[in-house]
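Taking it in order: structure first as C-alpha cells, then the write-up.
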Amino acid sequence: MTKELRGIIEKMVSENPDIMQKFTDALQKGMDYVQSHTPEEIAEVIEPQFPETDQDTITAIVKRYYDQDTWKENLVFGQDGFELLQDILEDAGELKERTSYAELVNTEFAKNAS
C-alpha cells in the first residue's frame, strides 16, 4: 500500500467514523448470515452475482469454503493472519516491503461491529 493511499484511508477513517462503522456493521451482518445458514442457502442468495455459473457449482464452492472453515465469525484481523497474508504476498512476489501490524491494522470498528 502506498503512503498516499494510506493517508487517504486514515483521513476517511478519522473524518467519517460513523460511515466506517456502518460499513463494518454491514460486513459483519454478512458474516453472521454465513454462520447461521447452510451452503445451499448461501449459494441461492449469491447466485445472481454469478450468472454464468450454475447453482450446483456455486453450492459446491460454498460447501468447500464451509468444510475448510474459511469464514471467520468476526472481522477482527489478528496479527497472525496479517503476517500470514504478508508471507503469501511476499512468496508470490507481490509484496515489496513488509509493514508492521500496528502501523496498518485498525480493529476498532471490527470489535464494535454489531
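Quick notes on this one:
- Tally, over the stretch 24-55, of residues that are touching a residue at least 12 places away in the same chain (Cβ under 8 Å) and farther than 22 Å from TYR66 by Cβ: 2
- Residues that are among the charged types (D, E, K, R) and surrounded by 13 or more Cβ atoms within 10 Å (Cβ to Cβ) within the stretch 50-82 comprise LYS63, LYS72, listed in sequence order.
- Some residue of the stretch 83-95 being surrounded by 13 or more Cβ atoms within 10 Å (Cβ to Cβ), small (Gly, Ala, Ser) and out of contact with any His (no Cβ under 9 Å at 6 or more places or on another chain): no
- The stretch 81-114: number of residues that are within 26 Å of LYS22 (Cα to Cα) and either of a type outside the set (A, V, I, L, M) or in contact with a Gly (Cβ under 8 Å, 6 or more places away or on another chain) (or both): 11
- Elements of the type helices (runs of 4 or more DSSP H) sitting completely within the stretch 1-107 and holding at least 2 residues that are more than 20 Å from the chain's Cα centre (by Cα): these cover 3-15, 39-46, 55-67.
Read-outs: derived from the displayed coordinates by stated rules, not from any lab. Since the structure is predicted, the reported quantities are computational estimates derived from the model, not experimental observations. Neighbour counts are summed over all protein chains in view; Cβ atoms, including those assigned to glycine, are modelled from backbone coordinates with ideal geometry.
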